[in-house]
Each structure stands twice: as structure tokens, then as C-alpha cells.
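What follows is calculated from the coordinates using simple rules that are stated; it is not laboratory data. No experiment lies behind these values; they were computed from the predicted model shown. Quick reminder, even Gly has a Cβ in these numbers, built from the backbone with ideal geometry, and neighbours come from all protein chains shown.
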Amino acid sequence: MTLSLQEPATAVVATGLRKAYGDHVVLDGIDLRVPAGTVLALLGPNGAGKTTTVRILTTLITADGGVASVAGHDVRRDGDAVRAAIGLTGQFAAVDELLTGAENLAMMAALHHLGRAERQRRTDELLSQFDLVGAARRPAATYSGGMRRRLDIAMGLVGRPRVLFLDEPTTGLDPRSRRDVWRLIRELVAGGTTVFLTTQYLEEADRLADRIALLDHGRIVAEGTPAELKRLIPGGHLRLRFTDPSQLTAAARIFENGTRDDEELTLRVPGDSALTSLRGLLDKLDEASIDAAELAIHTPDLDDVFLALTGQPTEATR
Amino acid sequence: MTTMTYALSDSATMLRRSLRHIRRYPSMTVPLIVAPVVFLLLFVYVFGGTLGAGLGGPAGGGRREYVDYVTPGILLLTVAGAATATAVSIATDMTTGIVARFRTMAIFRPALLTGHVIGSVLQTLLGVVAVLAVAVVIGFRPVESPVRWLAAAGILLLLIVAITWVAVVMGLVSDSVETASNLPMLLMILPFFGSGFVPTSSMPAWLGWTAAHQPFTPVMESLRALLMGTAVGDRAWLAVGWCALITGVSFLGAKKLMNREGPA
């Protein structure tokens, strides 16, 4: 028998994961599959079970039922091998506040059993990659939220993990720091790292993930590429805005399936951005000599998907 | 590398971290020295005249004699007080995400605690030496016998290790840093309900019996006998036994607590 040195094609596989604390069922049998080198976003509101899933996959807790493997190793039976292959960044920045940024990274390098020279090299490399060179000699307690999160992610990368778990990496960050973190994640993925991301932001999942799994009350309610998920919502709509009520009334008479809003003077007509449907709409307006002030095309976004599948909006839109 | 090398190297990394914390956060260490010194001065200069007279020693007792009597009790108070720092640093680690981070790494697990324990033992020793120095300055005069000093130091070290492990358990069971800083107060009361400040024979019978048999008493009695040149007897073995028992039970408790699953 020959040992294959190839990376397993699937970085994370979970089948039927269940976890309950007393009567409270947190995970109710979830299945997940993350091909190596891709990004999966586990998307869901607070309390959906995202962090519990990460804790099981990173060997912090054991599932009550189901099996899971990470980087080809069973999380229950072969925890050490899993731990050697992963990096984790928690929802709450887990950095040592009394140590400086450089000391935090050097400590991680020592715990990864790197040689002295390699420790220093890796620390310097990550400090510059994460734009922390200027703050390297300051205690992490003095860092801003964005800097601390960058240090946190850098600490998870010291051992060059094959699978990186990012548990809500941008929660609580300002928009600019959030974009910084997104850029860093994209760079990592370009370098071949598999990323398992949890988030409650649809925009984040949409921008970063190859595939998205929607988690709600401990169940995966939908899974697919962002485009596939958007397709689950039938069509978008076109919105016409008018300058006076008589025009709106005239238009509403032509488009009987439209929804009128008398306060906003708008009419929502089901349809999409396809040219034929647009042309049809404009032709009908012309025939009736109705003058619309504005036309807006609304394509469904993940918010619509989430709302349609779970019956509740996400945190970001609430 | 073998597991053994990992064990040493990971423990050394964690110890380095602990020592850095102690250095960076002196406001945690300073009270550990100041509080027992204040108690020492209070008991020697304010209460010492009367309490010393009550001892009824060969020289008739007095402040001079009370310094010798109370110093072992103050040393135990120092050790008990240092438990606060240990419990707080453990609880801080547990309540922030840093322990979760360490636990998702392929490291020697016990290093998480051994780093803290060794660091705390060194921190406590520092406190004990400082307090002892003040005691000598104000008149504490142990017998000149390096063998007895060494034996006393040995017993004190065993006690420090035992109390540090108790503090680790206190830190692990605390769900907040505040709780962790309060729990060790229980330990600080023990030298008082023992032979630390007055002989147990001077207490009401029921209390005297309890005070004479609680673990701190044989430790203080042994230290006193060793340092004052009186007969030590079986007390030293009792002290060693108590320290070993407390260390063993706390160690097993800490191990169990460390491996439990936190809530989601």
C-alpha cells in the first residue's frame, strides 16, 4: 500500500452532526462539505448554531451524533492530526493583551515548534502582511478593534494551516476594517488555504464564499453558490416612480399584477432585467402615453433568500 | 520531535508567557507583598505587646518574642494571598478566547497549566522572601542552622505548590475574574483559625480542636519549630502529608476541569 501525499480533495466533511445542551438542541443533524481550496460561508442569525459547528470541527467539543473530518482526519478519533492542520480565529479576539503583537506571534510560532530563526522570520512576515509593523512592540491591549482582529487572524496563520476557521471575523468592526479583513481573506484563499467562515452578514458571504450554507435553528436550510441561492427566489421586480398620482393610477390599470404605493408614488411590477421584459414594459408605457420619472431594477439578493427560507430577516437588515 | 520534547518546549513557552505577565502587571504582585507586610507590622507593633505577653514564654513574652511566633503565620498568609493572583490569571485565560485558541493547537495540553503553576510558584517565592526580609529587619531571629532553614524552605515550597494548585482549581471553577479574585479569601482566613497568631490552646475547646487539626496548623507549627530550634516531632510529616494530599486532589480536579466542555 502506498501513502498518498496528495491533499485530500475535500477539506471538511460533516455528516449528521448533532449537539444538544440538555433539552436545548443546538445542531439538529447538519451535513457540510468543503472542497479543498474553497471558501464555505456558514450563514445564519445569532443562536443558529454557527459557533457550535466551529467548536466541533476544531475539536473543542465533541458532537452528540454524526461524524466529521477535517483535512482528512476524524475530529473525534484523531484530534491531534486535525489540530495540526487547522487555524482558528474566534468571534472574540483571542489575543494575549499583556503581550506585544510581536510577542503574541512569536509565542504562537514557538507553540508550532518552529526553530528560533524561523520563528523570527514568520513573525516579521506576518507583521508586515497584516500591517502591524508599527505596532509590533506595543501591548495588544492598546490596539484598536481592527488591529486586534488582524493580529488575531495572523495568530491563526502562524502554522500555515491548510484549513482556516474564521468565526465571525468581522463582527463589531467598522466598515473600513471589515474591508481590510476581506482583502486579507481573499489573499489567503488565493494562496490555496481552505476557509470555513461563519458570518451573519449576507454581504460578507456573498463577497467571499464559493458556497454558502444557510443555518437556521440548527438545520441547514439551503446550500449552494451565491448565484444558486439567489435563483431560489423566483424573479425580481421593476419599480416605476411617477411624479403625479394620475399617472400612477393609469399605470396601475395597465399592469394589473403590480403593487402600488400611493405615498411613494411607485408601482412594483414583477419582472427581471432581461431586455425583452424591459422593452415590453416600456412599450406598454409608451402606448398609454404614461411618463415615468424613474425606473429601478431590483434583482433578488441573499436577504430575499434568507427571508424566504427562514421567514425572518438577518441581523444585518433588522 | 518526541512528545517529551514537546512537553518541555511547550511548558517553557507557557512559563515565559506567565513570567511576562507577572513583569508587565506589577499591580498584581505588589499587593501580594504589601498586604502581609502590613499585617506583620500591625500584629507586631499594635497587638504584639499584649499578644506576646499572653504567650508566657521563658523571657516572660513580649513584642520581641511575638515577632518570632507570628512570622510563620505571616508567611502562610503571604502564600494564601498569592493564590489570588494565580486564580485571577487562570480565570482571565479561561474567560477570554485564548485558551480555546491553545486547545485547537497540537500542543502538550498540560503546558497550559504548568506554565501558570511554575510562574505562580516563583511569584509567591518572591513574595515570601520579601516578607521574610521585613520580618528579619524588625527583629525575627531564627536559630542559626542551615539544615533547619533548608527543611523549613522545603516545607514552605511544598505548601506553595499545594496552594497554587488549589488556586488553579479556584480559577477554573470561577465563571468570572471577579469570582476568581474573591474565592482565595477563604484561604487567607485559615492562618487566623489556626496557630498562626495565637496558640490554639487559648481558644474555646471546640474551636481550638478544629484549629489544631486544620492543614495550615501543622505547617505553621513545623516552620516555627524548625526556625526556633525546638523539637519538630511528627508535625513535619503531617505537614508534608497535608501538602501532598492537597496537591494531589487539586491536580486531579484541575485536570478534570480543564478537559470539560464549555457551554456553546
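If only the Cβ of Lys and Arg carry +1 and only the Cβ of Asp and Glu carry -1, the dipole of the protein assembly as shown around its Cα centre is close to 2500 debye.
Per-residue ellipticity at 222 nm computed for chain A from its helices equals -10500 deg cm²/dmol, with DSSP H segments shorter than 4 residues left out and the rest contributing -39,500 (n - 2.57). For the pair the range A:201-276 / the range B:186-241, the C-alpha centres are spaced 80 Å from each other.
If R0 equals 45 Å, the separation of the Cβ atoms of B:L122 and B:A205 corresponds to a calculated FRET efficiency of about 0.60. Rounded to the nearest 10 degrees, the angle from helix B:216-228 to the longest Cα principal axis of chain B is 60 degrees.
Compute the Cα gyration tensor for the protein assembly as shown, then decide on rounded, prolate or oblate, letting a ≥ b ≥ c be the square roots of its eigenvalues: rounded whenever a/c is under 1.5, prolate when a/b is larger than b/c in the other cases, and oblate in all that remain. Spell out each step's value before the answer.
Working: a/c = 3.14, a/b = 2.55, b/c = 1.23.
Prolate.
Modelled this way, with points 7 Å down the Cα-to-C-beta line, the labels at B:S27 and A:Y21 are 3.2 nm from one another. Close amide-amide hydrogen proximity is noted between A:T10 and A:A36, each under 5 Å apart and 5 or more residues distant or on a separate chain (H modeled in the peptide plane; Pro and chain starts excluded).
Under 5 Å from the amide H of A:L42 lie the amide H atoms of A:L197, A:T198, A:T199, A:A213, each residue being 5 or more positions distant or on a separate chain, with H modelled from the backbone and absent for Pro and chain starts.
Computed about the Cα centre, the dipole magnitude for the range A:236-299 is approximately 200 debye when only Lys and Arg (+1) and Asp and Glu (-1) carry charge, each at its Cβ.
The residue list B:P110, A:T38, B:L55 was ranked by how far each Cα lies along the charge dipole of the protein assembly as shown toward its positive end, using unit charges on Cβ atoms, and B:L55 comes out on top. Dipole magnitude for chain B: computed about the Cα centre from +1 point charges on Lys and Arg Cβ and -1 point charges on Asp and Glu Cβ, it is near 580 debye. Would you give the gap between the C-alpha center of the range B:49-106 and the C-alpha center of the range A:152-183, rounded to a whole Å? Centre-to-centre (Cα) distance: 43 Å.
Once the C-beta distance of B:D234 and B:R141 is scaled by a Förster radius of 25 Å, the resulting FRET efficiency is 0.45 to the nearest 0.05. Between the listed residues B:S9, B:P36, B:G73, the Cα displaced farthest toward the positive end of the dipole of the range B:1-84, a dipole computed from Cβ unit charges relative to the Cα centre, is found at B:S9. Among the helices of chain A, those built from whole DSSP H runs whose Cα atoms reach 15 Å or more along their own axis and whose mean Kyte-Doolittle hydropathy is at least 0.0 are A:101-111. If you run the Gaussian network model on chain A, springs between alpha carbon atoms under 10 Å, then out of A:D74, A:D28, A:D286 the most flexible one is A:D286.
Selection among A:A292, A:T276, A:Q247 by position relative to the dipole of the range A:236-299 gives A:T276 as farthest towards the positive end (Cβ unit charges, Cα centre). Only DSSP H runs of four or more residues enter the estimate; each adds -39500 (n - 2.57), and after division by the residues of chain B the mean residue ellipticity at 222 nm equals -25000 deg cm²/dmol.
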